[in-house]
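Notes to accompany the following structure.
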Amino acid sequence: MNIMMIGDICGRPGRNTAAHYIPILKQEYNLDLIIANGENSAGGVGITGKVLEELLTMGIDIITTGNHVWDKKEIFNFIDEENSLIRPANYPLDTPGKGYYIRSIKNRKVAVINLLGRVFMPPVDCPFRAVNQILTEIKDLCEIIIIDFHAEATSEKAALGWYLDGKVSCVAGTHTHIQTADERILPQGTAYISDLGMVGPYNSILGVDREPVIQKFLTGLPTKFNVSMDDHTLFCGIVLQIDDHSNKVSQIIRIQRQLKN
Ligand code: FE2
């Protein structure tokens, strides 16, 4: 089985770039499942019903989120009904939506769990304890378990990767929008990468126009950020190749492509 995880899709340039590469990579890697982080997909922050529909239509099967999940208020109208859209599992009890989703593919059950980091991030419940609780519930039901750990600090992401080594198929970081070149398979078989990177404008600062960000650093004054509409874009993600007999990840392939329109 081949599973692609796509990094944070940033605004319209990100959606257009994802729509361009998904069919190409689907064919190239014979993909069975596509997971993408969509928390920046609508105007750079949050997700709307229309954008969700667009992401599902382009072939994404499961959409994860993170700290910006609630930024477009209309999400409260559909997050409880939409199974393929998940939010971090370590939000407090009774938060709308679900923290994980299980889908059957090729007679296997694949679970995708979304977690949020706590280092340099808004306060949430402990992601380590939250994932432990979920694993107790689902580990005997699922052959493949994938984690999107939406977090800022590489230390926290690496710690979760090692903590879960041998317990899940993959721990992939999202949120920083910068792809890390540390993809590997840990000794007990868990695939790991600190950050998948972003799908969005290339000549930007993490997807937004450069000048307001530079001004913010120069002056410290509040500034409004807009998704850069540069048509030179970047596509970042990974492909996990999973052995059909052992259900273990045999390879983690890092993907980074540039599109110049
Ligand atoms: Fe984020």
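Of note:
- Close pairs from the range 229-245: first without any contact (Cβ under 8 Å) to a residue 12 or more places away in the chain, partner of a type in the set (S, T, N, Q), Cβ under 8 Å, at least 6 apart: Asp243/Ser250
- Failed criterion for Leu55 (all others in (1) surrounded by 20 or more Cβ atoms within 10 Å (Cβ to Cβ); (2) part of a loop (DSSP other than H, G, I, E, B) hold): (2)
- Across the range 224-243, the number of residues qualifying as within 27 Å of Leu31 (Cβ to Cβ) and either at pLDDT 95 or above or under 22 Å from the mean Cα position of the chain (by Cα) (or both) comes to 13.
- Within the range 34-50, the residues that satisfy the criterion of being on the phi < 0 side of the Ramachandran plot and within 16 Å of the ligand (Cβ to nearest atom) are Ile35, Ala36, Asn37, Gly38, Glu39, Asn40, Ser41, Ala42, Val45, Ile47.
- Residues that are of a type in the set (Ser, Thr, Tyr) and closer than 26 Å to Leu141 by Cα, drawn from the range 175-214: Thr190, Tyr192
To keep it simple, each residue is scored yes or no on (1) assigned to a strand (DSSP E or B); (2) open to solvent by 20 Å² or more (accessible area, probe 1.4 Å); (3) charged (D, E, K, R); (4) over 30 Å from Ser250 (Cα atoms).
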| position | (1), (2), (3), (4) |
| --- | --- |
| Ile60 | no, no, no, no |
| Asn77 | no, yes, no, yes |
| Leu93 | no, yes, no, yes |
| Ile113 | yes, no, no, no |
| Val119 | no, yes, no, yes |
| Arg129 | no, yes, yes, no |
| Asn132 | no, yes, no, no |
| Thr136 | no, yes, no, no |
| Ile146 | yes, no, no, no |
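- Test result for Val124, open to solvent by 10 Å² or more (accessible area, probe 1.4 Å) and of a type in the set (Val, Ile, Thr): yes
- Subset of the range 4-33 (residues that are touching a helix residue (DSSP H, G or I) at 6+ places or on another chain (Cβ under 9 Å), in a strand (DSSP E or B) and away from the ligand (no atom under 16 Å from the Cβ)): Met4
- Residues located in the range 23-39, provided they are farther than 17 Å from Thr64 by Cβ and open to solvent by less than 10 Å² (accessible area, probe 1.4 Å): Leu25
- Per this entry, Gly66 is not counted among residues that are within 16 Å of the ligand (Cβ to nearest atom), part of a helix (DSSP H, G or I), within 21 Å of His150 (Cβ to Cβ) and touching a residue at least 12 places away in the same chain (Cβ under 8 Å).
The values are calculated or read from the model by the stated rules, or taken from the named source; none is laboratory data. This is a predicted model, so every value here is computed, not measured. Quick reminder, even Gly has a Cβ in these numbers, built from the backbone with ideal geometry, and neighbours come from all protein chains shown. What goes into the accessible areas is simple: the full protein's heavy atoms, side chains included, and nothing from ligands, DNA or RNA. Shrake-Rupley method; radii C 1.70, N 1.55, O 1.52, S 1.80 Å.
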